[in-house]
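One structure is given here, and the rest of the page talks about it.
No lab work stands behind these numbers, since they all come straight from the coordinates. Please read these numbers as outputs of a predicted model, since none were measured by experiment. All Cβ positions, even for glycine, are placed from backbone atoms using ideal geometry, and neighbour counts span all protein chains on display.
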Ligand code: C5P
């Protein structure tokens, strides 16, 4: 990958004056940022189409695949001044440009909901990386409350202790490794039924979502309760059997052993608890895009989600 910065010295208002290119090879511009004299910013993102047939383009500008000229060739025209830049500089520009673009409109929110083990966590991480958005796994906030109660050997139905623990949750300090144990997840789904605990955590999650340039949040009630105005809502699901199979493979991959039917029973029980509770039950928002990953690898799920998001971004750019 190479990174090139070009200063285009002209006085044509509709053309960009400063361009940053990410050049994947001599023939392929991956991402481009364009700065215009009036302070507006343009983006182009190129990637493979879902069916792999050809490259698609998203964004406000037309990118050329006819070959990226070398720097000497660009600089031979005195209107241009081009130089090689570092990946770090490019990433910083990209982030800042996105932030200023989103600030001009509003923060961008991607809400991902679904049952345990459907692949929403991995998908959320891929999307946050790709779109350079903040990321919050809201399950960790419920897990942190449960963990605090378990640590102090308090019963999980001690609502006032759970509220205190919820107030103390610091989103910047959620320790995934510490909170990932299966028993903590089970306990989390028990404290998650209490409306007062939910209200405290939802408030923190909303504040997180408001931070520019925006965020990907995954959980059970993001599209329905936490961020009902999210730009994109995805509901990621998979059959209980497939999710149990994935969980078994995960346990076995780290040298553990488990029983398939016990895992399946566990998953079904957790689904019932999450879907059956009175406050903020797990269900797709009416305007959510459904992604069933039963027969889909994570990469395919990522590409499907990316297509949905890029379409929405392109529509918003035109609006
Ligand atoms: O996703 P994860 O397995 O970490 O979530 C643990 C539990 O936390 C879930 O089973 C659910 O009961 C609860 N939760 C919730 N609302 C969210 C995220 C998680 O009720 N937004």
Does the stretch 182-318 come out rounded, prolate or oblate by the C-alpha gyration tensor, with a ≥ b ≥ c the root eigenvalues, rounded set by a/c under 1.5 and, if not, prolate when a/b is larger than b/c and oblate if not? oblate
Å³ per residue enclosed by the Cα convex hull of the stretch 247-297: 110 Å³
Using Cα atoms only, what is the angle between the long axis of helix 260-276 and the major principal axis of the chain, expressed in degrees (0 to 90) to the nearest 10? 80 degrees
In degrees, nearest ten, helix 159-168 long axis to first principal axis of the chain (Cα): 20 degrees
Least to most buried among 310, 157 (fewest other Cβ within 10 Å first): 157, 310
For the chain, what is the Kirkwood hydrodynamic radius in Å, using each pair of distinct C-alpha atoms? 21.8 Å
Is the stretch 155-243 best put as rounded, prolate or oblate by its Cα gyration tensor, with a ≥ b ≥ c the root eigenvalues, rounded for a/c under 1.5, and otherwise prolate when a/b is larger than b/c, oblate when not? oblate
Heads up, the stretch 120-268 by the C-alpha gyration tensor (a ≥ b ≥ c square roots of eigenvalues; a/c under 1.5 rounded, else a/b over b/c prolate, else oblate) looks oblate
Percent relative contact order of the chain, based on C-alpha pairs within less than 8 angstrom and at least six residues apart? 19 percent
Nearest 10 degrees, 0 to 90: helix 87-104 Cα axis against the chain principal axis: 80 degrees
Counting DSSP beta bridges in the chain, what percent are antiparallel, to the nearest 5? 60 percent
